[in-house]
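Here the structure is laid out as structure tokens; the discussion comes afterwards.
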Amino acid sequence: MPRVIVLATGGTIAGRADPRSAHGYNAGCTSGAQLVASVPGLDRLAELSVEQIANVASQDMSEAIWLALAVRIRRIIECGQADGVVITHGTDTLEETAFFLHNVLPAGTPVVLTGAMRPGDAPDADGPANLRAAVQVAASPLSRRRGVLVVMHGAIHDPRQVVKIHTTAAPAFASPGGGPLGIVNPADDPAAIRYFAPDPAECAAPFALSPIIVPLSRVAIVYAHAGMDAACISYAARDGARGIVLAGLGNGNAPQTVLTALVRAVRQSVIVVRATRVPAGRVDRNVEVDDDSNGFVAAGALTPQKARVLLQLLIANGITAPDAVQQAFNAGRAPCDSG
Ligand code: SIN
């Protein structure tokens, strides 16, 4: 029997209806142990144990909880305490937690994040099926080398690609870059899981945890729009931001006054990363904006919220030179020799 440890952090999957309103509910009410006990047959898939790391709605997910998860999971991996880990999580920031963990955990042992769009006591609750699928994936020999994954609504996603794309629908997650890595269905046999992509290449040296002191450095995300002025760039630089991620127009662009303010920020040692507010596609160097002259970094395929996490980790690990930062963004994770 494979051993799976469930780390519970809260979210709608642990939510309950709020009697004060027709559609309202409160996230993070039920314990991880109650969640696991509520899914029939889970104990036939794996030998399970449950730990409560937090019980928050994921808009309150914090860097301290990220660090607690990372420290606990590293220990699980180093001591061989489980074959796989499942994290139950709110869906609002699930992709950021997944991406953080992808960058600080060694590749290999599956660490599967899941959540739900309906609270546990809703008639159409999706949490039980998602939790079951997550345990199936974490316990499967097919996942042995897959590292951090997101499982929602029968799809297995790469933490670098996955984004929440709907505010309320149950199929709320997608991987706009290359599609999901695989699928999982509720059947009780090994064919229930199919990966479309090969195992990832080993990257044995993720970011070191020891230099990560929370709160991490301040990195602001600035959302571009027609008629934007430079006020929020100046504010972020004055407010002590070590980095600014531009959620830019199209290919990571912004009005000229904003680009000029970003160049000023670079001269004040702020690291500027150009990402995009467009849901799919990449931002590459020197296409419409002269990154070489301006000292900017291009985010590649990372969304602004993931670019922010990567930049925070790079700063924590002392990687701040624009070329080195760009290299990490090209790889979409920690440089392989950073550990
Ligand atoms: C949350 O992110 O905790 C609330 C929303 C959800 O889990 O779907």
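The values are calculated or read from the model by the stated rules, or taken from the named source; none is laboratory data. Every value quoted in this text rests on a predicted model; they were computed, and no experiment measured them. Glycine also receives a Cβ, built like all others from the backbone with ideal geometry; neighbour counts cover every protein chain displayed.
Quick notes
- Considering (1) part of a loop (DSSP other than H, G, I, E, B); (2) small (Gly, Ala, Ser); (3) surrounded by 21 or more Cβ atoms within 10 Å (Cβ to Cβ), the lone condition that Ala70 does not fulfil carries the number (1).
- Test for Thr276: is it surrounded by fewer than 22 Cβ atoms within 10 Å (Cβ to Cβ), free of Cβ contacts under 8 Å to residues at least 60 places away in the same chain and out of contact with any Lys or Arg (no Cβ under 6 Å at 6 or more places or on another chain): no
- The stretch 108-130 - residue that is hydrophobic (A, V, I, L, M, F, W, C) and in a loop (DSSP other than H, G, I, E, B) and, of those, surrounded by the most Cβ atoms within 10 Å (Cβ to Cβ): Ala116
- Residue check for Arg20: over 27 Å from Gly147 (Cα atoms), more than 16 Å from the ligand (Cβ to nearest atom) and either in contact (Cβ under 8 Å) with a residue 24 or more places away in the chain or not acidic (Asp, Glu) (or both): yes
- Restricting attention to the stretch 23-55, the residues that are within 12 Å of the ligand (Cβ to nearest atom), surrounded by 19 or more Cβ atoms within 10 Å (Cβ to Cβ) and not in a loop (DSSP other than H, G, I, E, B) total 1.
- First in the stretch 243-269 and within 15 Å of Ala299 (Cα to Cα), second anywhere and of a type in the set (S, T, N, Q), Cβ under 6 Å, 6 or more apart: Gly248/Thr276; Gly252/Thr276
- Filter pass, Gly108 being at pLDDT below 95 and not basic (Lys, Arg): yes
- Filtered residues of the stretch 108-127 (kept if more than 10 Å from the ligand (Cβ to nearest atom), over 16 Å from Ala37 (Cα atoms) and among the aliphatic types (A, V, I, L, M)): Val111, Val112, Leu113, Ala122
- Among the residues making up the stretch 36-54, those that are β-branched (Val, Ile, Thr) and without any contact (Cβ under 8 Å) to a residue 60 or more places away in the chain are Val50, Ile53.
- Candidate set: the stretch 90-107, residues that are within 16 Å of the ligand (Cβ to nearest atom) and part of a loop (DSSP other than H, G, I, E, B); chosen: the one surrounded by the fewest Cβ atoms within 10 Å (Cβ to Cβ): Asp92
- Residue check, Pro171 farther than 30 Å from Pro123 by Cα and under 18 Å from the mean Cα position of the chain (by Cα): no
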